[in-house]
């Protein structure tokens, strides 16, 4: 079997959008990977923009055919996120990598990357997913208005080859997606890497700001937390907003 195609672009609106256009035109096979030097309209979670420094971040999207059911979207997300994190952990022993719920990549205690998964349904069938990854690799510093951002270079003092990481991540994801692990094992691995698990964290919602201890993620994608009055609540992504500026150490 031939190696899945990699399309290299200088600039595009977003690699996810580019991949979606190929899917719409029936021109995307599983494993097809789009990589760009820069994006003019990079996308993050919940409609936020993903900003990058051209040439210094890995900006890529992988087209896959999920084997999970639609009710198992978070397990699919977990499969993908663990595959990517496993690649990064092998790059350098000094990298302390965690997953900030639901799928931000944390190195040390700062964000180095984010994953955005967009799904394609045809009728009731989940036919494709586009796995978008923005990963900070070569930045030496970040603007003052991004105090919680980092890169692999900042974390290790080393410059990594983006092309090598690209192929390693593509291969790992394409290997993991067709053969998903049992749900209990996926969640065990995911929660073992859950950022600030067992620690107090400040959140906000429509009622204001509040603190809770992070317990674990559930198979449905909710985050279980224990509030200061002892109540345990499960929050959907977007219901409880993480406050980076208020992290109890």
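A few remarks follow.
Residues are listed down the side, and each one gets a yes or a no for (1) more than 22 Å from residue 90 (Cα to Cα); (2) outside the structural domain of residue 242 (by TED's automatic domain parsing); (3) modelled with pLDDT under 95; (4) surrounded by fewer than 12 Cβ atoms within 10 Å (Cβ to Cβ):
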| position | (1), (2), (3), (4) |
| --- | --- |
| 162 | no, yes, no, no |
| 176 | no, yes, no, no |
| 183 | yes, yes, no, no |
| 219 | yes, no, no, no |
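- Cβ pairs under 8 Å, 6+ apart, first in segment 9-23 and buried (at least 19 other Cβ atoms within 10 Å of the Cβ), second assigned to a helix (DSSP H, G or I): 12/18
- Residues located in segment 148-160, provided they are buried (at least 17 other Cβ atoms within 10 Å of the Cβ), touching a strand residue (DSSP E or B) at 6+ places or on another chain (Cβ under 6 Å) and in a loop (DSSP other than H, G, I, E, B): 150, 151
- Taken together, 92, 145, 140, 171 contain a single residue that is part of a helix (DSSP H, G or I) and out of contact with any strand residue (DSSP E or B) (no Cβ under 9 Å at 6 or more places or on another chain), which is 171.
- Pairs linking a residue in segment 75-87 that is under 16 Å from residue 107 (Cα atoms) and assigned by TED's automatic domain parsing to the domain that holds residue 64 to a residue that is surrounded by 22 or more Cβ atoms within 10 Å (Cβ to Cβ) and at pLDDT below 95, with Cβ atoms under 6 Å and 6 or more positions apart or on different chains, are 81/103.
- Residue 209 passes every criterion in (1) farther than 28 Å from residue 70 by Cβ; (2) in the same structural domain as residue 22 (by TED's automatic domain parsing); (3) out of contact with any helix residue (DSSP H, G or I) (no Cβ under 9 Å at 6 or more places or on another chain); (4) surrounded by fewer than 18 Cβ atoms within 10 Å (Cβ to Cβ) apart from (2).
- Considering segment 221-249, and only residues there that are in contact (Cβ under 8 Å) with a residue 12 or more places away in the chain and on the phi > 0 side of the Ramachandran plot, the residue that is surrounded by the most Cβ atoms within 10 Å (Cβ to Cβ) turns out to be 221.
The values are calculated or read from the model by the stated rules, or taken from the named source; none is laboratory data. Nothing here was measured: the structure is a model prediction, and the numbers come from that model. So basically every Cβ, Gly included, is an ideal-geometry build from the backbone, and we count neighbours across all protein chains shown.
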